[in-house]
Amino acid sequence: MNTLALGPSWLDPDYLIETFGLIGVLVIVFAESGLLIGFFLPGDSLLFTTGLLVTTGVLDTPLWLVCTLIVLSAIIGDQVGYLFGRKVGPALFKRPDSRLFKQENVEKAHVFFEKHGPKSLILARFVPIVRTFTPIIAGVSRMNYRSFITFNIIGGVLWGAGVTLLGASLGKIDFVHKNIEAILILIVLLSIVPIVVEYLRARSHSKKQPVIEDGAPQVQRGRHAKR
């Protein structure tokens, strides 16, 4: 299968799988699930391509075993992220930006976690960048460990096995083989939709914020006048 590289060639799912095999897939899933340096790795398109390659026989490993190992890697990755967050704590929010670390990504994950609560561990699995930092934020927030384990397992199964099985199912369709490049690009675009929506919401909120702030002093002056 010859796919179009989505960005640098070393981030192309097909290239990664052909070069590093199933072990490479598991390492990437683990890193993207909870290591700070893993946020830029291709998660959704990689799992989809893995399922497709299993169906076509390029990866000579039973599908059930592939899904099981991917799920375990995703769950363990989140577990490491959670423990890292508990250990680092608030210091994470004071860490300076670098080439591989942006404070903005931590803040996005924090807002996402505060908005959706424990279920964010499931929802974040399907949102690039956010899925890397959410388990870390859960650790920073000292989320109940039993609840974390529960939502971590559910999210790991739905994302890890779900996207892989989707690729395996669609891999049996000739149309998918003929248009794999376009489908992978579509998957990447769909995966960043939540980020774009959140960005637009934040931008809209920031524009409205000065109006609210300007109105606040007027209310306070009115109260003082009545006194």
* Please tell me if VAL80 is surrounded by fewer than 20 Cβ atoms within 10 Å (Cβ to Cβ) and either within 12 Å of the chain's Cα centre (by Cα) or part of a helix (DSSP H, G or I) (or both). => yes
* Would you check if there is a residue in region 134-155 being of a type in the set (Ser, Thr, Tyr), at pLDDT 65 or above and within 15 Å of the chain's Cα centre (by Cα)? => yes
* Asked: Would region 90-100 turn up any residue that is modelled with pLDDT under 90 and within 24 Å of PRO13 (Cα to Cα)?
  -> yes
* To do: From LEU72, LEU46, LEU65, LEU52, grab the single residue that is part of a helix (DSSP H, G or I), open to solvent by 50 Å² or more (accessible area, probe 1.4 Å) and within 24 Å of LEU123 (Cα to Cα).
  => LEU72
* Enumerate the pairs (first residue in region 41-67 and within 15 Å of TYR15 (Cβ to Cβ) and at pLDDT 90 or above; second residue anywhere and crowded, with 24+ Cβ neighbours inside 10 Å and among the hydrophobic types (A, V, I, L, M, F, W, C)) with beta-carbon separation below 6 Å, excluding pairs fewer than 6 apart on the same chain, so at least 6 apart or on different chains. => THR50/VAL25
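The values are calculated or read from the model by the stated rules, or taken from the named source; none is laboratory data. Keep in mind that what you see is a predicted model, and the values were worked out from it rather than measured. Cβ: placed from backbone, ideal geometry, glycine included. Neighbour counts: every protein chain shown. Heads up: the accessible areas ignore ligands, DNA and RNA and are worked out on the full protein's heavy atoms, side chains in. Shrake-Rupley method; radii C 1.70, N 1.55, O 1.52, S 1.80 Å.
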